[in-house]
Amino acid sequence: MTQKITTPTASSQRLLSEAALADELGVHPDTLAMWRRDDVRPRPRHLQIGRAIRYRREDVDAFLAACAQAADHEQPSPVIETA
């Protein structure tokens, strides 16, 4: 019996640069650095390779799902009507 060994595809293991992720999220790269520095949660997990910061696609997707879930659980602000 042979066992098939599967390896992740190149696209699933693609690493995003800080600039590429910032562009995708519509934020400045300094914002990503601030999130890492200030330990903001949720935030995308990152890898540090030498001086370079990289993000795995699956970690970015998990971050976006966590943000969506947090937004779904937020209570709407009360509406204050003035006369």
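The values are calculated or read from the model by the stated rules, or taken from the named source; none is laboratory data. What you are looking at is a predicted structure, and each value in this text was computed from that prediction instead of being measured. Note that each Cβ is placed from the backbone with ideal geometry, even for glycine, and that neighbours are counted across all protein chains shown.
Worth pointing out:
- In region 43-69, the residues that are touching a Pro at 6+ places or on another chain (Cβ under 7 Å) and without any contact (Cβ under 8 Å) to a residue 40 or more places away in the chain: 59, 63, 66, 67
- Some residue of region 29-39 being of a type in the set (D, E, K, R), loosely packed, with under 13 Cβ neighbours inside 10 Å and within 9 Å of the chain's Cα centre (by Cα): no
- Any hit, region 62-83, residues being modelled with pLDDT of 90 or more, in contact with a helix residue (DSSP H, G or I) (Cβ under 8 Å, 6 or more places away or on another chain) and surrounded by 11 or more Cβ atoms within 10 Å (Cβ to Cβ): no
- Matching residues, region 12-28, being without any contact (Cβ under 8 Å) to a residue 12 or more places away in the chain and exposed (fewer than 14 other Cβ atoms within 10 Å of the Cβ): 19, 23, 26, 27, 28
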